[in-house]
Amino acid sequence: MRVSIKWLKEYVAINLPLSDLAHRLAMAGLEVKTIEDIGGWENVVIGQITRVDPHPNADRLHLVKVGLGKEQQTVVCGAPNLRVGDKVAFAYVGAELIDPQSGETIRLKSAKIRGVASSGMICSEKELGISESYEGIMVLPDEAPVGTSLDDYLGDTVFDLEVTPNRADCLSIIGVAREIAALTRQGIRLPQVSYEEVASTIEQQVAVTIDAPDLGPRYCASLIQGVKIAPSPRWMQQRLLACGMRPINNVVDVTNYVMLEYGQPLHAFDSPKIKGSQIIVRRAGSGEAIVSLDGVERMLASNMLVIADKERAVAIAGVMGGANSEVSQETTSVLLEAANFNPVSIHYTARSLLLPSEASMRFERGISPELTIPALRRATELIIKLAGGKAAKGIIDVYPGRKERSPILTSTEGINQFLGTGFSQDQIIGALTLLGFEVEVADSASEVRVTIPYWRGDIQQAVDLAEEVARIIGYDEIPQTLLSKSLPRQNPEPIAALKEKVGRSLTGFGFQEVITYSLVGLEALKRLSPDSHALKPLPLRLANPMTTEQEYLRPNLRANLLVALAGNRKHEEGSIRLFELGKVYLPRQNDLPEEREVVCGILSGPRFERSWQAQDESFDFFDVKGVVEGLLTKLDVEASLEEAQDESLHPTKQVAIVLAGSRVGVLGEVHPQVLKAFDITDDAAYLFEIDLTSLLPLTLGQKMFQPIPRFPATIRDIALVVGAEVTHQQVLDIIKGFPLVGKVSLFDVYTGEQIGGSKKSLAYRIAFQSLTYTLTDEEVDKVQEQILSKLAKEFGATLRA
Amino acid sequence: MLAQLEQLKQKALWELENIKDAREVESWRVCYLGRKSELTKILRSLTILPLEERKTVGAYANELKSSLENNLDERKKTLEKVQLTTITRVAGIDITLPGRPIPIGRLHPITQTLKEIFDIFISMGFQVVEAPEVELDYYNFEGLNIPEEHPARDSMATLWVDYKAGGRPILLRTHTTAADLRIMEKLKPPIRAINAGKVYRYEASDATHSPMFHQLDGLAVDVGITMADLKGTLYEFARRFFGEDRKLRFRCDYFPFVEPGAEMAVACSVCQGSGCRLCGNSGWIEILGAGMVHPRVLERGGYDPEVYSGFAFGMGIERLPMLRYGIDDIRLFFGSDLRFLRQF
Ligand SMILES: [Zn+2]
């Protein structure tokens, strides 16, 4: 809401610097977004043309004498609209003006024009920066005081206020004036409205009925006949422009002016165009359409309210008038509407028709039905004043939606307890009274009965009064205390701790965390499978996606990580290790989706940073496997790995991560075709994805201390030769199944000529260990023999020669 | 004789100063302190001197001897140090060569910021709770006094899910305040909870807007919680997050789910309050919205507003690192660009 300070001053005195006022308003809830100065002219005063003579040396130029109060100046002027007696803006030498040709600011110098000295200038609107007009000089109204500086007369300051949705009353000059008055402890001066009426009553000429009182609780109208449509006077146009509205003609401008002044939208109909002289407030019929003032045909729905005459809709109630009843140059009789409409219905209508307007904005925030009569009377008065004509006797007032509001009972003690303040009863009552509330001290000492003024529809209960008290006395007066009651029992969510641990581990492993959008495109998801078939189950789709790239709720993290890898590969030649810890969203029948916490990591490129010593190696499958094993070790869980069929991964280079019989994730090399689909061509990439929601219960076990062995271990190295199809895991499981076997590490894997093509050699270092005594060589030999014979029996394993 | 000793001292010390390695030190010792040295000779020949002279020369010569010995020790230590350095250089490593790189991983700046805020509130007795991002209209709007067609919905353009949960509309939560009713339903008073995470808006992305960003909300419900408690808690947070000296502003604002409502701002770090482009000439940067939980919201959460009161606050996270590090584009947070992420 743009508010002219000059206009405000008509209702309330402003005795403090405007920056201080802006601060006070902001502290009380009305933030001033910008403070804009209009004018700011120096060395420009109001003059009056006293004489116009032809220039001796030029046909088109004149010598103009301008009276400036105490003195008189003669200037050369070429404007076509010079008239003796007109009030004009006179710029002295030294004034800063806008050059109409270049648009630049120039400082006015004295000049000789065709041999005649001219010091000063009569200004056009463009030269003053008021408008684009520079064909003629600006002519000021007759009441403009000669000799006064133009800045005092035309200059203004505009506050652009951020009005919160609860304060429809502050979408008006008077509403803001009330706030300022309360904050600066003074009263306000409202316009005194009076106008003459003719003998014939409005009821004899127009009838109003409300068919939908739920959507239209009140409808008031006046009738003014014999008006003459013309531009509105400069002062009104200036105020409308200052407040961001475009002047149209005197009648329409009055409706806008009074809307800005009182906050009540008004609408003027060309009265003879109302068929049957009847206004009907009703719901739109199904399939009904209306051409609105902007010339667009609007299809209406049956839950929208229209203002209709006997035959058709003439306005979309509270949103926009209809072209069929619009005030035009020929209009002589005006039916003026001031009504109250249901906020929900107006919001719905304006939103559905994409027609937000100054009027709808006020109605949808809920203005008081009591506003109609004062605003209607003010507008009627102004139309008569500016457009002539006479008002029919009386005002039509159909008011089926009248509601009585009962006072709110509260207590000053309760307010203090709630705010944590120690305001006195006088302070509290004083604050409320300043806002126009009537406060009556009730039976007990601290109880008060507060009657709410009609314009404050937002005040409904005691807490609302507490806020009024706090903001008028000032939020700065609220003390700062810390919560002093007993601390609640802490029940931290275990998933949060797990996420933190995973994040810390992976950053420790050199992984960079990324956060990507939870919304993905179907295309990116399809790229995750080599043959790009449809995804099952289909992820959740948005009803109103902004783009196809952000249309679905992600069912996995890997698509975004592959995009992130591809993006970084454009400028990174070194190793890339990325991970994301975030949610995936899986559809559930008749319910909100399941949000599962997942961690996904990706690595690609050289294993070591390029360095003066680094080996030139690339990441491979065992790097990603090592990361996952390291992570699981950090989490103190033991997983087994099983074959997997994840179609985003290389068919033979992937494994499922299995814990306590259930699959919690997968790791492996990204399928080359998938990589290609994501535009990653240079390197292979390795990925893991673990469902932390499934992992969580398996990480909650209690860890127990293992004593440090007090007796030395006996170390034995054995090199086995087995068939190529035998896996390390199979061999390991057997070795570990024997007693006294401690740590087993695989230190060599060999395939080659020496041992025959279909065989491989696995070399293990086994630590034999007892916690209770020192093993003898004989004991160890015995176990080792047992191990070898079992391996020979199971896999045909032999010792490598 | 004394002059001879004085000359000897000057010469010995000068030579010692100029010695460069340990072997020279030994020959110096032999030369000046050895059994055949001039000083030893002088000491030995003292007996031939008259008694008076013997006393003075003897004292001086002994003094000189211990002084030379001390100087010798000093010099040895210095040389050992120098030698160590020299030896390593001779052994052939260039210590200025870069160390073997270890991979560095970092948490995302948003994760880091959240952690920092969590720690502050946890120290004030708040606990972190989890809440869904995909929500029912009820928790995000309706239950928070934002029914359909409420103008407050206009400022939170919503992304809707193309599915209904048992006929009820589903949306991507537009604010973390959506967790408040769930927390009230789940926990028993006294409640002091914070929750944080992603929120979503139907908003085209540009340097200052993103369809997805992060928020953190706090909620306290108990008997006797006051607006002063809210102010004190938020000031404590701001002092710890922004520093003791940062000026703060706590002013009236409106949110449908609180009454009274408030907004907290910190003095602009660029202009210190005089007004600049960053703060939109106001001198203040809004940090969070807050207020006392609205009685109707308390009721919906299962609390009698006549008995219980509470406060709530909510803040956007991205703007905090943006202000702290001077980041000028919110999209950088979700672009996964290592050149950006490595800076934090
Ligand atoms: Zn600033």
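Quick notes on this structure:
- Matching option when the condition is closer than 27 Å to A:Tyr517 by Cα and either within 16 Å of the ligand (Cβ to nearest atom) or under 22 Å from the mean Cα position of the chain (by Cα) (or both), among B:Phe334, B:Phe340: B:Phe340
- Selection status of A:Glu580, closer than 13 Å to B:Val134 by Cβ, touching a helix residue (DSSP H, G or I) at 6+ places or on another chain (Cβ under 9 Å) and more than 7 Å from chain B (Cβ to nearest Cβ): no
- For segment A:508-523, the criterion of being assigned to a helix (DSSP H, G or I) and at pLDDT below 95 is satisfied by at least one residue.
- The sole residue among A:Ala391, A:Ala350, A:Ala442 that is more than 30 Å from A:Leu300 (Cβ to Cβ) and either surrounded by fewer than 17 Cβ atoms within 10 Å (Cβ to Cβ) or within 14 Å of another protein chain (Cβ to nearest Cβ) (or both) is A:Ala442.
- Residue in segment B:184-191 that is more than 10 Å from every other protein chain (Cβ to nearest Cβ) and of a type in the set (A, V, I, L, M) present: yes
- Flag for B:Cys252 being more than 24 Å from the chain's Cα centre (by Cα), crowded, with 18+ Cβ neighbours inside 10 Å, without any contact (Cβ under 8 Å) to a residue 12 or more places away in the chain and within 16 Å of the ligand (Cβ to nearest atom): no
- Residue within segment B:296-308 that is within 12 Å of the ligand (Cβ to nearest atom), in contact with a Gly (Cβ under 8 Å, 6 or more places away or on another chain) and among the hydrophobic types (A, V, I, L, M, F, W, C) present: no
- The condition (being under 28 Å from the mean Cα position of the chain (by Cα) and either small (Gly, Ala, Ser) or within 11 Å of chain A (Cβ to nearest Cβ) (or both)) is satisfied by just one residue among B:Gly283, B:Gly302: B:Gly283.
- Test: residue in segment B:270-292 that is in a loop (DSSP other than H, G, I, E, B), touching a helix residue (DSSP H, G or I) at 6+ places or on another chain (Cβ under 7 Å) and more than 7 Å from the ligand (Cβ to nearest atom): no
- Given (1) within 16 Å of the ligand (Cβ to nearest atom); (2) outside any strand (DSSP E or B); (3) buried (at least 18 other Cβ atoms within 10 Å of the Cβ), number of the condition B:Lys231 does not satisfy: (1)
- Residues in segment A:376-432 that are under 39 Å from the mean Cα position of the chain (by Cα), hydroxyl-bearing (Ser, Thr, Tyr) and within 25 Å of B:Ser309 (Cβ to Cβ): A:Ser406, A:Thr410, A:Ser411, A:Thr412, A:Thr421.
- Reported count of residues in segment A:13-42, each being part of a loop (DSSP other than H, G, I, E, B) and in contact with an Asp or Glu (Cβ under 8 Å, 6 or more places away or on another chain), is 7.
- For the criterion of being within 11 Å of chain A (Cβ to nearest Cβ) and either touching a strand residue (DSSP E or B) at 6+ places or on another chain (Cβ under 8 Å) or assigned to a strand (DSSP E or B) (or both), B:Gly261 passes.
- The lone exception for A:Arg185 - which of (1) crowded, with 16+ Cβ neighbours inside 10 Å; (2) under 39 Å from the mean Cα position of the chain (by Cα) it fails: (1)
- Residue match in segment A:155-162 (condition: modelled with pLDDT under 95 and more than 33 Å from the chain's Cα centre (by Cα)): yes
- In the set (1) surrounded by 10 or more Cβ atoms within 10 Å (Cβ to Cβ); (2) over 30 Å from B:Pro321 (Cβ atoms); (3) free of Cβ contacts under 8 Å to residues at least 24 places away in the same chain; (4) not hydrophobic (A, V, I, L, M, F, W, C), the condition left unmet by B:Arg35 is number (1).
- Among all residues of segment B:93-116, there is at least one that is outside any loop (DSSP other than H, G, I, E, B) and at the interface with another protein chain (Cβ under 7 Å from one of its Cβ atoms).
- Positions within segment A:502-534 being surrounded by 15 or more Cβ atoms within 10 Å (Cβ to Cβ), in contact with a Lys or Arg (Cβ under 7 Å, 6 or more places away or on another chain) and more than 11 Å from chain B (Cβ to nearest Cβ), in sequence order: A:Val520, A:Leu528
- Whether a residue is within 16 Å of the ligand (Cβ to nearest atom) and either touching a residue at least 60 places away in the same chain (Cβ under 8 Å) or out of contact with any Asp or Glu (no Cβ under 9 Å at 6 or more places or on another chain) (or both) was assessed, and B:Phe257 does not pass this test.
The values are calculated or read from the model by the stated rules, or taken from the named source; none is laboratory data. Model, not experiment: these values are computed from the prediction. All Cβ positions, glycine included, derive from the backbone under ideal geometry; neighbour counts span all protein chains shown.
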